[in-house]
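The values are calculated or read from the model by the stated rules, or taken from the named source; none is laboratory data. Since the structure is predicted, the reported quantities are computational estimates derived from the model, not experimental observations. Cβ coordinates were reconstructed from backbone atoms using ideal geometry, including for glycine residues, and neighbour counts include every protein chain displayed. These area figures cover heavy atoms from the full protein model, side chains too; ligands, DNA and RNA do not enter into them. Shrake-Rupley method; radii C 1.70, N 1.55, O 1.52, S 1.80 Å.
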Amino acid sequence: MTTPGIRPLVAGNWKMNGSLGMAGTLIGDLKARLGQGALPVDLLVCPPFPYLGAVAAALGGSAISLGAQDCHAANSGAHTGDVAAPMLADLGCGYVILGHSERRTDHGESSATVAAKAKAALAAGLTAIVCVGETEAQRNAGEELKVVEKQIVESVPAEANAGNTVIAYEPVWAIGTGKTPTSADVEAMHRHIRALLKQRVTGGAEIRILYGGSVKPGNAAELMAVAEVNGALVGGASLKAEDFWGIAEGAARSAG
Ligand code: 13P
């Protein structure tokens with residue numbers, strides 16, 4: 001049992017991939033699988049902004065939730081190219097991924113920026129999935145717990161609770177590389193994050209802590225069985241219904 005009483009969440013981060021056609025096919029396939037028997041896990045897809053409306057329509061009241069991959073900290077205004085949290089809520093999103101390492105790197109997002117975005121997301125009624133994780137150099141230097149602690153302290157707003165916030169631990173060196181930490185390393189990090197959440201946030205004992213980074217059907221059950229792992233944030237393998245479903249099945253097995 002990963003954390004007694006916490007239902008796992010398996011979330012697909014499509015990143016900047018896919019097409020309208022692919023989105024329709026993928027959602028259709030997932031809904032068909034769901035129709036043959038639900039799993040004891042929550043499912044979430046996070047397509048690129050332009051496909052959110054079409055995916056919302058395709059999901060049409062299914063048990064699969066919809067999320068976006070970023071939002072702005074302001075609710076409206078002169079921010080060309082940006083998208084506000086209330087717009088995402090308007091489209092039917094329940095979640096938004098914030099502070100992914102690719103945004104921290106590609107767009108220079110600081111943890112303070114991530115916290116401001118998370119506040120906006122929570123105010124709009126969205127659940128924020130706040131991403132944290134160390135680089136390979138930081139792990140090799142033995143600094144991973146310290147680095148992630150700082151990211152949690154600075155990125156998670158005071159308003160966070162189990163109903164509106166999810167943490168995703170994604171070691172940067174495991175993203176898209178096929179490499180994963182050992183179960184012992186995942187457990188050490190997730191226990192550290194759990195302890196921090198309990199200290200800092202109301203209901204921190206119940207906040208879901210996802211693992212992300214090269215999760216595949218073949219390693220999902222093992223990773224999802226680790227103590228304090230409450231689901232997965234999946235990149236590449238979320239683009240194929242068979243793989244995404246295989247990961248959900250792995251999480252379901254581990255949830256007992
Ligand atoms: P991969 O599953 O492709 O390694 O990506 C993980 C990730 O960054 C999810 O947000």
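Under 15 Å of direct C-alpha separation, and excluding same-chain neighbours fewer than eight residues apart, Lys216 reaches these aspartates and glutamates: Glu170, Glu242, Asp243, Glu249. Summing Lys and Arg as +1 and Asp and Glu as -1 over all other residues whose Cβ lies under 12 Å from the Cβ of Thr3 gives a net charge of +2. Test of understanding: in a Gaussian network model of the chain with alpha carbons linked when under 10 Å, which of Ile129, Ile193, Ile97 would top the mean-square fluctuation ranking? Sorting by GNM fluctuation, first place goes to Ile193.
With a 1.4 Å probe and all protein chains in place, put Thr135, Thr202, Thr80, Thr165 in order of accessible area, largest first. Walk me through the numbers on the way to the answer.
On the way: Thr135 50, Thr202 110, Thr80 145, Thr165 5 Å².
Ranked from most to least accessible, the order is Thr80, Thr202, Thr135, Thr165.
The spacing between region 94-110 and region 178-256, judged by their C-alpha centroids, is 19 Å. Here region 145-256 is assigned +1 on the Cβ of each Lys and Arg and -1 on the Cβ of each Asp and Glu. Its dipole about the Cα centre then comes out at about 180 debye.
Once the C-beta distance of Ser19 and Thr177 is scaled by a Förster radius of 41 Å, the resulting FRET efficiency is 0.95 to the nearest 0.05. At a probe radius of 1.4 angstrom, the accessible area of the chain per residue rounds to 41 square angstrom. Taking a ≥ b ≥ c as the square roots of the eigenvalues of the alpha-carbon gyration tensor, region 135-256 is classed oblate because a/c is 1.5 or more while a/b is no larger than b/c. Across Gly178, Gly94, Gly28, mean-square fluctuation computed from a Gaussian network of the chain (C-alpha pairs under 10 Å connected) peaks at Gly178. Shape class of region 30-139 from the alpha-carbon gyration tensor: oblate, with a/c at 1.5 or above and b/c at least as large as a/b. Each part reduced to its alpha carbon centroid, region 116-165 and region 21-60 end up 26 Å apart. Model label sites at Ala227 and Arg7, defined 7 Å from Cα along the beta-carbon direction, differ in position by 2.6 nm.
May I ask you to give the percent of accessible area on the chain that is carbon plus sulfur, with a probe radius of 1.4 Å? Kindly include the intermediate steps, with their values, before the conclusion.
Working: 5440 of 10470 Å².
About 52 percent, which is the carbon plus sulfur part of the accessible surface.
Sort region 1-45 into rounded, prolate or oblate with this rule: let a ≥ b ≥ c be the square roots of the eigenvalues of the Cα gyration tensor; rounded if a/c is under 1.5, and if a/c is not under 1.5, prolate when a/b is larger than b/c, oblate otherwise.
Working: a/c = 5.34, a/b = 1.64, b/c = 3.26.
Oblate shape, in that a/c is at least 1.5 and b/c is the bigger or equal ratio.
Taking Ala23, Ala56, Ala158 as the candidate residues, the one with maximal mean-square fluctuation in a Gaussian network model of the chain, Cα springs under 10 Å, is Ala158. Distance from a point 7 Å along Cα→Cβ of Asn75 to each backbone N in region 109-144: keep the residues under 17 Å and list them by number. The answer is 116-127. The charge dipole of region 1-146, taken about its Cα centre with unit charges on the Cβ of Lys, Arg, Asp and Glu (plus for the first two, minus for the last two), comes to roughly 300 debye.
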